[in-house]
Each structure stands twice: as C-alpha cells, then as structure tokens.
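Remarks on the structure that follows.
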Amino acid sequence: MSDLMSDPMSDPLRHIQSLLPPHNTRNVTAEAYAPANIALCKYWGKRDARLKLPVTDSLSVSLGTHGTRMTLQRAETDHLSINGQPISADSQTHRRLFDFLDLIRAPEHRLAIDSINTIPIAAGLASSASAFACAVKAIETLYAWELPPRLRSILARLGSGSASRSVFEGFVQWHAGTAPDGMDSYAEPLAPLWPDFRIGILTVSEAPKPIGSTEAMERTVQTAPLYEAWPRQVERDLPRLQQAIRDHDFATLGQVAEHNALAMHATMIASWPPVIYWLPETTAHLHKIHHLRREGLPVYATLDAGPNLKLLYTAEHETDLKAHFPHLIQIQH
Ligand code: DP6
C-alpha cells in the first residue's frame with residue numbers, strides 16, 4: 001500500500017500533470033477565448049468530486065461568440081480581474097481559479113489574469129464553463145503547447161465539469177467514462193451548429209443563486225430518491241438527441257431537451273433540504289411556452305442551476321418569439 005501511495009502514477013492528478021509538455025518560459029503573455037455552452041442533456045451528479053467525474057454522459061451546444069476571453073501575463077503575484085473589476089484574493093472565485101492553475105502552470109510562475117465575459121451580463125449565464133476552458137487554452141498558448149484535444153478537455157474538466165465541453169464548438173458530447181482516474185472522461189465535438197438554430201435567454205432574476213451547482217448536485221445525489229432514475233433518463237435522451245442533431249429534427253431536439261431539463265429539476269426538488277431554483281416567473285414562462293406550443297409555435301425551454309430559461313427555436317420564428325417575449329436576449333444566431 002505504501003508503495004502505491006508513493007508512486008506518482010497512482011495519483012490521477014499527478015498522472016495528468018506528467019502528461020503535460022515542459023513549461024516553455026519564452027512567452028510572458030497569452031490570450032485565448034472559449035465559448036459558453038448550454039446542455040441539452042444535462043450533467044447532474046458526480047461519481048468523483050475531486051476529479052469532477054460525472055455519473056452520466058451529457059450533450060451541449062456551444063454559444064459561439066458568447067463566452068470568456070482571457071489575457072494571462074507573467075507577474076510578481078497572482079491577480080485576477082473579471083470584466084475590468086479586480087477580484088479579491090480571498091474570494092472563492094480567485095481561489096478556485098488559481099488552485100486550478102496550480103495544477104498546470106510552472107510552480108514558480110505567478111499570473112495576472114484579465115478575464116472578460118462576452119455573455120450579456122443580464123442573461124445571468126454561468127461563466128465557469130467558458131472560464132476554465134479558456135484558462136486551459138490560455139495556459140497552452142503561454143507555454144507554447146499543442147495539447148491533444150482530449151487532454152485539453154480533461155484538464156478543463158478538473159476546473160468545472162461543464163468546462164470539458166467548452167473547449168469545443170457546436171454540438172458537443174461529454175463521455176462520462178468509467179475509469180477511476182478519469183482518463184476516459186472527456187468531451188468530443190459531435191456536429192457543427194445548424195445555421196437556423198436559435199437560443200434566447202429569458203432572465204427571471206439576476207440575484208446570486210441560493211446554492212451553487214456543485215453543492216446542489218452533491219445534495220441531489222446523496223438525498224434524492226429520484227436520482228436513481230436520472231441515469232435512465234439520460235440513456236433515453238442521449239440517442240434521441242444525437243439522432244435529432246443528425247437529422248436536423250428541431251421538434252425532437254426541443255422536446256428531449258425540455259424533458260431532460262425538467263427531469264433534472266424534478267430530481268433536485270426531491271433532495272433534502274430541497275433545491276428549488278425556480279421562481280414564480282419561471283413557472284409562468286413555462287406555462288406560456290406550453291400555451292404557445294399548443295397554438296403551433298415550436299419553442300422549447302431548458303433551464304440550468306438557476307431560475308432563468310433558455311428558449312430553443314429556429315430562425316423562422318425569431319420575430320414571433322421576440323413579440324411574445326420582449327425581454328428575450330438572443331444569444332445564438
Ligand atoms: C446544470 O459544471 O458548474 O449547468 O463540475 O461542480 O463545476 P461543477 O459543476 P458545473 O455544473 C453544470 C450543471 C448544469 C448542467 C450542465 O451544464 O450540464
């Protein structure tokens with residue numbers, strides 16, 4: 001046992017570090033961009049919290065020009081600014097990013113990071129997926145590495161699970177994998193986006209979430225009896241989504257994505273203490289969407305760890321959607 005413990009290869013994080021090329025010190029600055037993504041089949045629940053290994057596969061669509069742009073600069077001390085605002089070194093955001101960077105940067109290097117979110121602030125979209133994916137790409141540029149795409153995705157995953165998907169564009173699938181060291185848990189691009197696929201955000205609240213997604217998913221796995229059914233939901237939804245993407249079958253894609261999101265929320269509501277992200281307006285919007293669908297307008301909704309809705313529709317119904325939801329922010333076009 002002690003032999004095993006002293007072997008660097010027995011620690012998955014050290015194993016991943018051993019796969020990185022040498023830290024080239026020529027560059028002192030680097031820039032990168034990564035898009036945000038929205039899951040059509042959600043990642044909800046980990047089998048390993050430290051390595052951020054998911055219980056199930058998930059599938060997302062990337063948000064093009066909406067994401068994170070980062071500039072890294074070698075510096076005397078670590079420093080982070082987000083959208084021009086300095087972030088305190090004591091904050092969780094600061095700690096989480098630099099703890100993550102400690103895994104991949106040269107131990108002696110300190111970095112000044114300027115991070116800009118190109119997602120409309122009012123959209124209230126989580127930025128951790130694009131931020132960690134972008135951090136990996138920026139580090140890669142800083143050290144003049146060319147990482148295999150799988151390793152890039154695995155590294156981003158160690159920052160935030162959903163970041164594993166943000167290193168790619170278009171429709172992306174994250175394979176859960178089964179290996180205890182997570183080396184088979186990475187994302188892969190499935191297909192480019194359809195030109196007429198649209199996503200709009202309906203913001204219900206910009207207030208901070210009552211509970212973050214990491215803690216909420218842990219609580220769901222530990223306390224919700226309904227969680228047992230979640231892997232079966234994903235098994236049913238994934239192949240249908242893959243087929244819908246291949247066929248450009250928007251109605252099936254919308255139905256499956258909405259069902260998947262509502263099943264995820266039903267599962268988290270069944271946790272104790274309950275995880276209820278919805279606000280009254282969330283439900284009101286869902287009723288309105290269902291009413292519009294009955295009237296013949298093909299629009300579907302998906303929701304993540306928060307009260308805001310993401311509407312899925314196609315270009316031909318853009319004008320109608322904007323008329324029915326004047327505050328809709330179209331983010332994918
Ligand atoms: C509801 O990737 O933010 O958006 O791995 O703990 O950082 P951690 O969680 P995170 O969870 C995203 C959850 C989700 C669904 C999804 O994006 O698949």
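The values are calculated or read from the model by the stated rules, or taken from the named source; none is laboratory data. Keep in mind it's a predicted model, so treat the numbers as computed, not measured. In this analysis, Cβ positions are derived from the backbone assuming ideal geometry, glycine residues included, and neighbour counts consider all displayed protein chains.
What to note about this one:
- Contact map, segment 188-201: residues that are closer than 15 Å to Thr65 by Cβ paired with residues that are among the charged types (D, E, K, R), Cβ distance under 7 Å, separation 6+ or inter-chain. Pairs shown: Arg198/Glu318; Ile199/Lys310; Ile201/Lys310.
- Selection status of Ala138, within 12 Å of the ligand (Cβ to nearest atom), of a type in the set (Gly, Ala, Ser) and either in contact (Cβ under 8 Å) with a residue 24 or more places away in the chain or buried (at least 19 other Cβ atoms within 10 Å of the Cβ) (or both): no
- Qualifying residues in segment 303-321 (those that are of a type outside the set (Asp, Glu) and more than 26 Å from the chain's Cα centre (by Cα)) - the one surrounded by the fewest Cβ atoms within 10 Å (Cβ to Cβ): Thr319
Rundown of residues vs (1) in contact with a strand residue (DSSP E or B) (Cβ under 6 Å, 6 or more places away or on another chain); (2) within 16 Å of the ligand (Cβ to nearest atom); (3) over 30 Å from Leu309 (Cα atoms), yes/no style:
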site: Gln17; (1), (2), (3): no, no, yes
site: Thr29; (1), (2), (3): yes, no, yes
site: Ala34; (1), (2), (3): yes, yes, no
site: Pro107; (1), (2), (3): no, no, yes
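- Whichever residue in segment 42-60 is of a type in the set (A, V, I, L, M) and over 20 Å from Val167 (Cα atoms) and, among such residues, is nearest to the ligand (Cβ to nearest atom): Ala49
- Set Val172, Val256, Val275: member being crowded, with 20+ Cβ neighbours inside 10 Å and touching a Pro at 6+ places or on another chain (Cβ under 7 Å): Val172
- Identity of the residue in segment 61-76, surrounded by fewer than 18 Cβ atoms within 10 Å (Cβ to Cβ) and over 24 Å from Ala244 (Cβ atoms), that ends up farthest from the ligand (Cβ to nearest atom): Glu76
- Single residue of Gly212, Gly161, Gly182, Gly170 found to be at pLDDT below 95 and small (Gly, Ala, Ser): Gly212
- Single match in Thr29, Thr93, Thr25 (criterion: out of contact with any Asp or Glu (no Cβ under 7 Å at 6 or more places or on another chain) and free of Cβ contacts under 8 Å to residues at least 60 places away in the same chain): Thr93
- Single unsatisfied condition, Ala112 versus (1) in contact with a Pro (Cβ under 6 Å, 6 or more places away or on another chain); (2) over 30 Å from Thr282 (Cβ atoms): (1)
- Condition check for Val61: within 21 Å of the chain's Cα centre (by Cα) and under 24 Å from Pro192 (Cβ atoms): yes
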